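Heads up, the thing below is written out as C-alpha cells.
The values are calculated or read from the model by the stated rules, or taken from the named source; none is laboratory data. These numbers were taken from a predicted model, which means no experiment stands behind them. Heads up, the Cβs are rebuilt from the backbone with ideal geometry, glycines too, and the neighbour counts pull from every protein chain shown. Protein only, heavy atoms only, side chains kept; ligands, DNA and RNA dropped before computing areas. Shrake-Rupley method; radii C 1.70, N 1.55, O 1.52, S 1.80 Å.
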Amino acid sequence: MSTIQFPEQLKWGAATASYQIEGAAKEGGRAPSIWDVFAHTPGNVKNGDHGDDACNSYHMYKEDVQHLKDLGVDLYRFSISWSRVLPDGTGELNDEGVAYYRHLIDELLENGIEPMITLYHWDLPQVLQETGGWENRDTTDAFLSYAEAMFQAFGGQVKKWLTINEPWCASFLSNYLGVHAPGKTSLQAAVDVSHHLLLAHGKAVQSFRRLVPDGEIGYAPNVGWLEPFTPDEKDVQACRRGMMWQKEWFMDPVFKGTYPETLKDIFAEQNAVLRMEEGDLDIISQPIDLMGINYYTGSIGRYKEDGGMFQVEEIPVDDRRTDIDWPIYAEGFYKTLKDLHETYGDVQLYITENGACYNHGVEEDGKVHDQERIEYLKQHLTSLSRAIEAGVPITGYIVWSLLDNFEWAEGYDKRFGIIHVNFDTFERTRKDSYYWYKETVENHRFNL
C-alpha cells in the first residue's frame, strides 16, 4: 500500500462563502446584493432557488464551528457579505452585521481555528449595481472604503485576508457569458469589470499595509488546465490562449504590471478595449503575501478554427465527470501549480478551493457514502504532494466546501460539501468524506 505524506507545517482548512451559506437575507440590517436580485429573477437560477435561507449559518455558526473543530483544520476561509456590514455600499457601518462576524471570529479563535477572510465573493451591494456596479470605476473606491472598514474592525484578530475571489467569474462569467449576477452579455463590460476588480484589489492592498502591518493579503483566482492534444504549435498556442483568459489576464497585472498583449488584441478584434488610467498598473501590481488558487477541472485542448474567441476546442481526458458535469483532471492540478511557480516565482500559495460535486443523500443507515468525492480528493491531494516535492511553495490546502450550499446558478441541486445539509430542516450530516479528510488532516498523510 502506498502512502502520500505531507509536510507537518502544511495548513489544512475548509471554505464557504457568505451568500451561499448564511441565509438571513433580510435580517440584522442586511440589504440586498446583486445575487438577491439575480436569484429572485425568474429563469436565472435552477428551480427558482435563492439564498434567502441557504444553510442558515447566520443562526447556526456555532454548530458549524464545532464541525470545523472536530475536523481538526487549522483554517476556516469565509467571506463577508458587503451588504450586511455596509447596507448602503459605503458610509455607516451596520453594527448588527459587524457583530455577526465578530462573534464568528471569536468563536473560531476560541476553538483554535484561524480565520481567513475573503472580502469579495461576488455579492456586490445592489445599491452599487444601480450606479453601474463594477463597470463604474467609482466602485473601486467604494470597495476600498469597505475593505478599510473591515481591516479596522477585524485586523487585530484576523491576519490572513483575500481581496477578490475568482475575478474571472465576477467579470467574464457574470458580464460576458451572463451565467452569474448581474447576468450581462457584453464583452466590453466584462473587460471593464475585470480591470476594476484588479484595481480595487490593488487599492485594498495598499491600505492593508498601513492598517494591518502584521497581516498577510492576496487574492484567489480560479484556474483550469488545458493540455495540448498534440505537440503541434497550433494546439499548444490554442491551449495557451484558452488558459490565458483565467491565468495571465488576472495574474500578469498583479505580478508583472502588464496585461497580456495577445488577449488585448483578441478582445479588440471583438470591439472590446482595455480602458486604463495612468498609474493603474502601479496600484494593481502592489506586492502581495500570498495567492489563493481555486482548481476544480481541466481537459485536453486542440486548435479549432471556429472554436470561439480563442480558437480552442476542449476534449475531456476520459469520461469521468463530477455531478456538475466537470471533467476530472488531477494531473492538471499538478501542472497548474508547477506552471504558476515557474511563471510567477516564489509567491506563497494556498489552495483556497478544491473539491467535487457529488449529490449523495443521507441513506437508511443515517450516513452519506460519498466515496467518489474521497477518490477525487485523493487524486488531487496526490497532485498537491507532487507539487510540494517539486519545490512549489504551498502553505495550505482548503477544501471546498465545508457545507452543501447554494451553488449559484445551479441552486441547491449541486452538492460540494463534506457535510450534507437538509435544506428544509438545516440538519447537518457529516459525510464519509468528512471523516476521510479529518483522518488525513490529523495524520498529514493518507493511503492510496
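Observations on the model:
- Single condition E63 does not satisfy, out of (1) open to solvent by less than 30 Å² (accessible area, probe 1.4 Å); (2) touching a strand residue (DSSP E or B) at 6+ places or on another chain (Cβ under 8 Å); (3) assigned to a helix (DSSP H, G or I); (4) not basic (K, R): (1)
- Residue among I324, I293 that alone is of a type in the set (A, V, I, L, M), in contact with a Lys or Arg (Cβ under 7 Å, 6 or more places away or on another chain) and on the phi < 0 side of the Ramachandran plot: I324
- When the range 33-51 is filtered for residues that are polar (S, T, N, Q) and surrounded by 14 or more Cβ atoms within 10 Å (Cβ to Cβ), the ones remaining, listed by number, are S33, T41, N44.
- So G112, is it out of contact with any strand residue (DSSP E or B) (no Cβ under 6 Å at 6 or more places or on another chain), among the small types (G, A, S) and open to solvent by 20 Å² or more (accessible area, probe 1.4 Å): yes
- The residue that is nearest to N222 (Cα to Cα), counting only those in the range 359-375 that are open to solvent by less than 20 Å² (accessible area, probe 1.4 Å) and in contact with a Lys or Arg (Cβ under 6 Å, 6 or more places away or on another chain), is D370.
- Residues that are farther than 26 Å from P260 by Cα and in contact (Cβ under 8 Å) with a residue 12 or more places away in the chain do not occur anywhere in the range 185-194.
- For the range 415-446, filtered to residues that are touching a residue at least 12 places away in the same chain (Cβ under 8 Å), among the charged types (D, E, K, R) and under 20 Å from G366 (Cα atoms), the residue that is surrounded by the most Cβ atoms within 10 Å (Cβ to Cβ) is R415.
- None of I374, I398 is at pLDDT 95 or above, assigned to a helix (DSSP H, G or I) and of a type outside the set (G, A, S) except I374.
- Taking the conditions (1) assigned to a helix (DSSP H, G or I); (2) of a type outside the set (S, T, Y); (3) without any contact (Cβ under 8 Å) to a residue 60 or more places away in the chain in turn, G23 satisfies each one other than (1).
- In the range 127-148, residue nearest to D88 (Cα to Cα) [restricted to those that are open to solvent by 30 Å² or more (accessible area, probe 1.4 Å) and in a helix (DSSP H, G or I)]: V127
- Being more than 21 Å from the chain's Cα centre (by Cα) and either under 16 Å from P115 (Cβ atoms) or not basic (K, R) (or both) holds for only one residue in H50, H40, and it is H40.
- In the range 66-109, the residues that are open to solvent by 60 Å² or more (accessible area, probe 1.4 Å), in contact with a strand residue (DSSP E or B) (Cβ under 9 Å, 6 or more places away or on another chain) and under 14 Å from F154 (Cα atoms): L109
- When residues in the range 189-206 are screened for being open to solvent by 10 Å² or more (accessible area, probe 1.4 Å) and not basic (K, R), 3 of them pass.
- Hits in the range 1-20 - residues which are crowded, with 19+ Cβ neighbours inside 10 Å and in a loop (DSSP other than H, G, I, E, B): F6, T16, A17
- When residues of the range 150-196 are limited to those that are assigned to a helix (DSSP H, G or I) and among the β-branched types (V, I, T), the one farthest from A15 (Cα to Cα): V191
- Every residue from the range 271-310 that is open to solvent by 60 Å² or more (accessible area, probe 1.4 Å) and either among the hydrophobic types (A, V, I, L, M, F, W, C) or outside any strand (DSSP E or B) (or both): N271, V273, R275, M276, E277, E278, D282, P287, K304, E305, D306
- Scanning the range 315-356 for residues that are in contact with a helix residue (DSSP H, G or I) (Cβ under 9 Å, 6 or more places away or on another chain), closer than 15 Å to P228 by Cα and surrounded by fewer than 20 Cβ atoms within 10 Å (Cβ to Cβ) turns up V317, E331, K335, D339.
- When the range 257-280 is limited to residues that are in contact with a Phe, Trp or Tyr (Cβ under 8 Å, 6 or more places away or on another chain) and not β-branched (V, I, T), the one that is farthest from E313 (Cα to Cα) turns out to be L274.
- Residue check for D289: under 30 Å from Q152 (Cα atoms) and of a type in the set (D, E, K, R): yes
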